[in-house]
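Have a look at the structure below, then the notes.
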Amino acid sequence: MARKELVEALRKIVGKTNVLDSLVDMQLYQYDAYLEERRPDAVVFVHSTEEVSGVVKVCNEHGAPFVPRGGGTNLSGGTIPARGGVVLEMIRMNKLLEVDKASLRARVQPGMFNLELGTALAPHGYQYMPDPASQKAATMGGNVAENSGGPHCFKYGVTTNHVMGMTVVLPDGEIAEIGGKAPDTPGYDLCGIFVGSEGTFGICTEVVVRIVRLSEGVKTMLAIYDSIERGSEAVSAIVAAGMVPATLEMMDQLVIQAVEQSIHCGLPLDCATVLIIEVDGLKDDLEEQCKAIADICTTHGAREVRVAKDDAERAMLWAGRRGAFGAVARLAPSYLVCDGTVPRTALPQVLRKVAEVGKKYDLKIPNVFHAGDGNLHPLILFDWRDKEQKIRVMKAGTEILELCVQLGGTISGEHGVGLEKMDAMKLCFSDADIRSQVALKRAVDPKDLANPGKMFPVTAEVACAV
Amino acid sequence: MPYDVTALRSRLEAIVGPDHVAAGTEANSPLAVDGVVPALSVRPGTQDEVSKVVAACSAAGAAMIPRGGGTAMGIGNRPSRADAVILLDRLDRVVEFDPANLCITVEAGVRLGALQEKIASDGEVLPIDPPDDEKVTMGGLVAANQSGPSRLLYGTARDFVLGMRVVLPDGERVHCGGRTIKNVSGYDMNKLFIKSFGTLGIVTEVTVKLLPAPVMRAGVVGLFPTLSQATAAVTRTLESFLLPEALDLLDPAAMDLLAPRLELGAPGGAHGVAVALAGSRSTVERQARDFETLFRAEGARVVPLPEARTVSAWSSIRNVFGLLPPAPSRVVCKISVPIDKGGAMLGAAGADGKALGLQTAVFAHAGSGVVWAAFVLGGRPSEETVTGLQRSLEALRQRAAAAGGSLVLCEAPPALKARMDAWGAPPPGLSVMKRIKSEYDPRALCSPGRYLGGM
Ligand SMILES: Cc1cc2nc3c(=O)[nH]c(=O)nc-3n(C[C@H](O)[C@H](O)[C@H](O)COP(=O)(O)OP(=O)(O)OC[C@H]3O[C@@H](n4cnc5c(N)ncnc54)[C@H](O)[C@@H]3O)c2cc1C
């Protein structure tokens, strides 16, 4: 039996106990933070680049698809083994290998959590900038594969701007070091195309990241609005005034209420929206910046602007923002996280239209988003047991993405395509555009074994497998 | 593969008009690529014409080499073929400037300098500052991922491109990315074409994100008696909270060239460290003070660059090789190493030049690990000189490689290119790169032979 032989061959590489194949175990690995499910044939715990390479070679010999899995927090079905096969559990490769302050780089294994890296760097006086709200449970490998963003990406850029090199196991099992501590490696930017490839170009087993000196000063403020439109106008006004805050985050009333119930961070329950604005850098002009931003917020209708008076208050605000997705789980048994982007100035318009979509499909849609980036996350609440409602949710989700594209934006700002948005790719790309992307997949993974069945509309995807 | 030049020429003339097709037969034509003279040059006027021109060349089996401002044409190996040079300078339209969203879309032939002028009127800036910015086109900037001193704080073209349009080697037009600052819809195709040097197709349109222009600029130059003092100042800077926009290290020869322009007095064989400061008045003034103190503590004589002179001073610094005799009588190479190895590489390159008796200048983007070295060979260098320089460059390359870096020849006379690969030993992942190349350009018609590994 093919599966039995596959499992035997895998055990030869990583040892018996590091391969799971029982039904219960397979059920544990059949889902992630998205809504669909599919069981793998085996799950393998890997501990080194060589083991990963060995496992991938076995998959090649058996024609078995393979899917790396980090924290499983991705919201697009990236870790669901769409065609079965082997899931590589990366979580044990979780060491910080090197902090090279002199060259401003750190080397980490992919199973390390984003927050763990931050915590490990802080005593050295350094930080790693991308900070997805899921940083407690999301791994560096997952961040790389999804090109994750986070609140501080408005000023500092997303994962791809901070990953300088990688060790990867390519889909045929070859190990390659791409990029590295030195800049501008000759040749195609393999590191650049690997970031955001959602596990479809192979497996990252080591990451070289840029580290940045901790800022000399940080100030965090909360602007409170009675109108969500005025709040989103203020976002554009702040940027138009030539300010580059570190973060420009927004939460609406439903989200604020949920957050207050679960975290109690002192947000006003009766307002329409809050903006969390942080400025950082040299301490000399932070006061000045805060004042200028507060003035703009007030001019644009803020009823109150509060500046966090100490680290504890700052931490509270961020706990509220980072806990927002979790808190919203209190509002309904399930929700679909939408992840579209629009040019920043289109925010007021798109928010109005999202509200209309909610009305049209009779669905509640709280909003929490990276406003500075024009990256919105409408959270469509529903009950997964209600089949008819789920259909309405999917329609509403698609409509919101269509809106984003119409307004000059795109279908995913940070959560990726995965299984969720394969068809939505057609909203923002022509057939030729998609063919050119499929060509890249074919070049890197000619046998279509690395996380297959993702990323492209089903029709295009068939062409992938030639 | 032989093809019919006359037939291709009339096809191209039908697409772009006879005025925009020329024979490229002159031996010293500036269109020659490392001495290889193309049979034709063609200047399409629209993106659609680029697509048709490429399709026509492709159908004829003619090798194509795109050309923007011509400032990076020296990078790479001698092409194995060059049938048609495709000039992109007529694609000079601004497609859309969206100041409120800090974003601009331009055709590939728009010059970086012209773009800066356009956006400056709205108080915005694209903080990418390679030399020759008045000549560099946006397409070329992207295709070569050119950068300058301010990559320290902001990164390179790779960090600013939001989207682009590309004509693939068969003439098909595709678009990558979009115009929002976050975008993970599908693969990050921008990265595939950035730094691909025209080997995977022709970039015809670029969308970049912009930044608000800083309220104030200033700079500080420190003149250090020794290299080790200068590198100590660099290290101290990187360890501090200070956030200079640029941090360049200049060897004594580069300082001699720059001294009159920067009004430094007699540099007296000193190494220089120059910082560019940008931001609000309070942060710039504070940093200027702190750098004066920091540099003095490491033994430097300090020359502040006042606000009024900062921009022109930095233009001189990044264009310092412009003060040397021009190509083809010189060799320019770019050495990329981990940040902490930059100072030693700068010293080694300068010492090599001296030992060979060649006029040499070396400077480094010291907080980024990029070292630029120029060696002047003169009109008719002796065989011995060329061999000597080749040996030195190969030794430098080995040293860079041992540190995990590279040395790339960016300008060199054909005599040297004939003996030395422009890129060095191919990096890991070459097999994937070759598969990518043959997937997009199966008949190797786009800038063939110029890239690494024979691609
Ligand atoms: C509450 C919550 C908040 C979130 N907030 C944000 C946010 O602010 N910003 C943001 O960008 N995202 C956010 N996300 C999405 C998610 O956390 C990110 O996509 C994250 O980077 C996924 O990391 P992970 O380790 O969980 O990856 P997984 O979900 O395990 O995997 C994601 C993808 O990466 C691939 N992969 C995993 N490891 C590797 C590897 N070593 N090599 C190659 N491919 C690999 C997988 O195959 C899969 O395709 C949020 C999610 C949740 C649940």
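Residues to consider are A:Val438, A:Val368; find the one that is among the hydrophobic types (A, V, I, L, M, F, W, C) and either more than 16 Å from the ligand (Cβ to nearest atom) or in contact with a Pro (Cβ under 8 Å, 6 or more places away or on another chain) (or both). Show your work before the answer.
On the way: A:Val368 fails: either more than 16 Å from the ligand (Cβ to nearest atom) or in contact with a Pro (Cβ under 8 Å, 6 or more places away or on another chain) (or both).
Result of the check over A:Val438, A:Val368: A:Val438.
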- Looking at segment A:169-178, which of the residues that are surrounded by fewer than 24 Cβ atoms within 10 Å (Cβ to Cβ) and without any contact (Cβ under 8 Å) to a residue 40 or more places away in the chain is farthest from B:Gly155 (Cα to Cα)? A:Ala176
- Task: Could you list all residues from segment A:71-85 that are open to solvent by 20 Å² or more (accessible area, probe 1.4 Å) and more than 9 Å from the ligand (Cβ to nearest atom)?
- Result: A:Ala82, A:Arg83
- Residues that are more than 9 Å from the ligand (Cβ to nearest atom) and in a loop (DSSP other than H, G, I, E, B), drawn from segment A:118-130: A:Gly125, A:Tyr128, A:Met129
- Failed condition for A:Asp423, given (1) out of contact with any strand residue (DSSP E or B) (no Cβ under 9 Å at 6 or more places or on another chain); (2) of a type in the set (D, E, K, R); (3) within 14 Å of chain B (Cβ to nearest Cβ); (4) in contact (Cβ under 8 Å) with a residue 40 or more places away in the chain: (4)
- Item | Tally, over segment A:407-432, of residues that are closer than 12 Å to A:Cys338 by Cα, assigned to a loop (DSSP other than H, G, I, E, B) and of a type in the set (S, T, N, Q) | 1
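How many residues does segment B:231-260 contain that are more than 14 Å from B:Phe363 (Cβ to Cβ) and in contact (Cβ under 8 Å) with a residue 12 or more places away in the chain? If you could, list the steps in order and put the result at the bottom.
Step one: filter segment B:231-260 for residues more than 14 Å from B:Phe363 (Cβ to Cβ), giving B:232-233, B:235-245, B:260.
Applying the additional criterion that residues be in contact (Cβ under 8 Å) with a residue 12 or more places away in the chain yields B:232-233, B:235-238, B:240, B:242-245.
Residues that pass the stated criteria total 11.
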- A:Arg392 free of Cβ contacts under 8 Å to residues at least 60 places away in the same chain, facing another protein chain (nearest Cβ under 8 Å) and basic (Lys, Arg): no
- Item | Subset of segment A:411-423 (residues that are open to solvent by 10 Å² or more (accessible area, probe 1.4 Å) and farther than 25 Å from A:Arg83 by Cβ) | A:Glu414
- Within segment A:433-447, the count of residues that are open to solvent by 10 Å² or more (accessible area, probe 1.4 Å) and part of a loop (DSSP other than H, G, I, E, B) comes to 2
- Conditions (1) outside any loop (DSSP other than H, G, I, E, B); (2) more than 9 Å from the ligand (Cβ to nearest atom); (3) under 15 Å from A:Arg3 (Cα atoms): number failed by A:Val24: (3)
- Task: Could you check A:Ile263 against (1) open to solvent by less than 20 Å² (accessible area, probe 1.4 Å); (2) within 16 Å of the ligand (Cβ to nearest atom) and say which number it fails?
- Result: (1)
- Task: Starting from segment A:101-127, keep only residues that are farther than 14 Å from A:Cys204 by Cα and within 14 Å of chain B (Cβ to nearest Cβ), then list their pairs with residues that are part of a loop (DSSP other than H, G, I, E, B) and among the aliphatic types (A, V, I, L, M) whose Cβ atoms are within a distance under 7 Å, requiring at least 6 positions of separation or different chains.
- Result: A:Leu104/A:Ile211; A:Arg105/A:Ile211; A:Ala106/A:Ile211; A:Gly125/A:Leu214; A:Tyr126/A:Ile211; A:Tyr126/A:Leu214; A:Gln127/A:Ile211; A:Gln127/A:Leu214
- Report yes if some residue within segment A:131-153 is more than 10 Å from chain B (Cβ to nearest Cβ) and away from the ligand (no atom under 12 Å from the Cβ); otherwise report no. no
- Subset of segment B:157-181, residues open to solvent by less than 10 Å² (accessible area, probe 1.4 Å), β-branched (Val, Ile, Thr) and either at the interface with chain A (Cβ under 7 Å from one of its Cβ atoms) or closer than 21 Å to B:Val432 by Cβ (or both), comes to B:Val166, B:Val174, B:Thr180
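Here are B:Leu356, B:Leu346: which of them is open to solvent by 20 Å² or more (accessible area, probe 1.4 Å), aliphatic (A, V, I, L, M) and in contact with a strand residue (DSSP E or B) (Cβ under 8 Å, 6 or more places away or on another chain)?
Values: B:Leu346 fails: open to solvent by 20 Å² or more (accessible area, probe 1.4 Å).
Just one listed residue meets the conditions, B:Leu356.
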- Task: Among the helices (runs of 4 or more DSSP H) lying completely within segment B:98-167, list those that include at least 1 residues that are modelled with pLDDT of 95 or more and within 22 Å of A:Asp433 (Cβ to Cβ).
- Result: B:138-144, B:157-160
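Would you say A:Gly187 is touching a residue at least 24 places away in the same chain (Cβ under 8 Å), facing chain B (nearest Cβ under 7 Å) and either over 30 Å from A:Gly301 (Cα atoms) or buried (at least 22 other Cβ atoms within 10 Å of the Cβ) (or both)? Step through it out loud before you land on a result.
Details: touching a residue at least 24 places away in the same chain (Cβ under 8 Å): no; facing chain B (nearest Cβ under 7 Å): yes; either over 30 Å from A:Gly301 (Cα atoms) or buried (at least 22 other Cβ atoms within 10 Å of the Cβ) (or both): yes.
Here the answer is no, as A:Gly187 does not meet what is asked.
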- Query: Assuming B:Leu211 fulfils every condition listed in (1) open to solvent by less than 20 Å² (accessible area, probe 1.4 Å); (2) at the interface with chain A (Cβ under 10 Å from one of its Cβ atoms) apart from one, which condition is it?
  - Reply: (1)
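For segment A:44-70: of the residues being assigned to a loop (DSSP other than H, G, I, E, B) and either more than 9 Å from the ligand (Cβ to nearest atom) or assigned by TED's automatic domain parsing to the domain that holds A:Ala138 (or both), which is surrounded by the fewest Cβ atoms within 10 Å (Cβ to Cβ)? Lay out the reasoning, then the answer.
Of all residues in segment A:44-70, those assigned to a loop (DSSP other than H, G, I, E, B) come to A:46-48, A:63-65, A:70.
So of that shortlist, the ones also either more than 9 Å from the ligand (Cβ to nearest atom) or assigned by TED's automatic domain parsing to the domain that holds A:Ala138 (or both) come out as A:46-48, A:63-65.
Values: A:Val46: 27, A:His47: 15, A:Ser48: 14, A:Gly63: 11, A:Ala64: 24, A:Pro65: 22.
So the residue we want is A:Gly63.
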- Message: Restricting to segment B:366-424, and then to whatever is of a type in the set (Lys, Arg) and either in contact (Cβ under 8 Å) with a residue 24 or more places away in the chain or part of a helix (DSSP H, G or I) (or both), can you tell me which residue is nearest to A:Tyr188 (Cα to Cα)?
- Response: B:Arg397
- Note on the structure: Residues of segment A:196-254 being acidic (Asp, Glu), farther than 30 Å from A:Lys101 by Cα and surrounded by 21 or more Cβ atoms within 10 Å (Cβ to Cβ), in sequence order, are A:Glu249, A:Asp252
- Test: residue in segment B:442-452 that is open to solvent by 10 Å² or more (accessible area, probe 1.4 Å), within 14 Å of another protein chain (Cβ to nearest Cβ) and within 24 Å of B:Leu152 (Cβ to Cβ): no
- Any idea which of (1) touching a residue at least 24 places away in the same chain (Cβ under 8 Å); (2) more than 16 Å from B:Val234 (Cβ to Cβ) is the one B:Ile317 doesn't satisfy? (2)
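If we keep just the residues of segment B:182-206 that are in a loop (DSSP other than H, G, I, E, B) and in contact (Cβ under 8 Å) with a residue 40 or more places away in the chain, which is farthest from the other protein chains (Cβ to nearest Cβ)?
Taking segment B:182-206 as the starting set, the residues that turn out to be in a loop (DSSP other than H, G, I, E, B) are B:182-188, B:194-201.
Imposing the further condition that a residue be in contact (Cβ under 8 Å) with a residue 40 or more places away in the chain reduces the set to B:194-201.
Working: B:Ile194: 6, B:Lys195: 5, B:Ser196: 6, B:Phe197: 10, B:Gly198: 12, B:Thr199: 8, B:Leu200: 8, B:Gly201: 9 Å.
Checked segment B:182-206; the qualifying residue farthest from the other protein chains (Cβ to nearest Cβ) is B:Gly198.
Tally the residues that are within 18 Å of A:Met250 (Cβ to Cβ) and either out of contact with any Pro (no Cβ under 8 Å at 6 or more places or on another chain) or open to solvent by 50 Å² or more (accessible area, probe 1.4 Å) (or both), restricting the search to segment A:293-317. Write out each step before concluding.
Pass one, segment A:293-317, residues within 18 Å of A:Met250 (Cβ to Cβ): A:293-294, A:296-308, A:314, A:316-317.
Checking the rest, the ones that are also either out of contact with any Pro (no Cβ under 8 Å at 6 or more places or on another chain) or open to solvent by 50 Å² or more (accessible area, probe 1.4 Å) (or both) come to A:294, A:296-308, A:314, A:316-317.
Final tally of qualifying residues: 17.
The values are calculated or read from the model by the stated rules, or taken from the named source; none is laboratory data. All of these numbers come straight from a predicted model, not from anything done at the bench. Virtual Cβ from ideal backbone geometry, glycine too; neighbours counted across all protein chains shown. Ligands, DNA and RNA are excluded from the accessible area calculation, which covers all protein heavy atoms including side chains. Shrake-Rupley method; radii C 1.70, N 1.55, O 1.52, S 1.80 Å.
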